[in-house]
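As structure tokens, the structure follows; a few thoughts come after it.
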């Protein structure tokens, strides 16, 4: 599993592929990040009781030179823990998801 330090600017880059394994041309893409956040107003995921979650959706930009879509997420809004992400395209609809571990400790609970 990929590990990042809390407070880092995390760059997500993704290339979409069609069913044949060829690079797919899509019209837009969005990154959704779900992260632990103790100041959130509610529990977003019921299967993880007691740990509140928050989420952000970020429009991705196309990098034509690398055939990828990119977005940057500022992890200083999150508490340490597992961060889940999903990248989805439009026209055609293609999707990928995963998770990273956001490392931190009591010394860096405030935004860096």
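The values are calculated or read from the model by the stated rules, or taken from the named source; none is laboratory data. Fair warning: this is a prediction, and the values are worked out from it, not measured in the lab. Cβ placement follows ideal geometry from the backbone for every residue including glycine, while neighbour counts extend to all protein chains displayed.
Worth pointing out:
- Residue check for residue 45: touching a strand residue (DSSP E or B) at 6+ places or on another chain (Cβ under 9 Å) and modelled with pLDDT of 95 or more: no
- For region 52-62, a residue qualifies if it is part of a strand (DSSP E or B) and modelled with pLDDT of 95 or more, and the qualifying residues are 56, 57, 58, 59, 61, 62.
- Qualifying positions in region 1-22 - loosely packed, with under 11 Cβ neighbours inside 10 Å and closer than 16 Å to residue 69 by Cα: 11, 22
- For region 57-94, the set of residues classified as exposed (fewer than 15 other Cβ atoms within 10 Å of the Cβ) and within 12 Å of residue 28 (Cα to Cα) consists of 59, 61, 63, 90, 91, 92, 93, listed by residue number.
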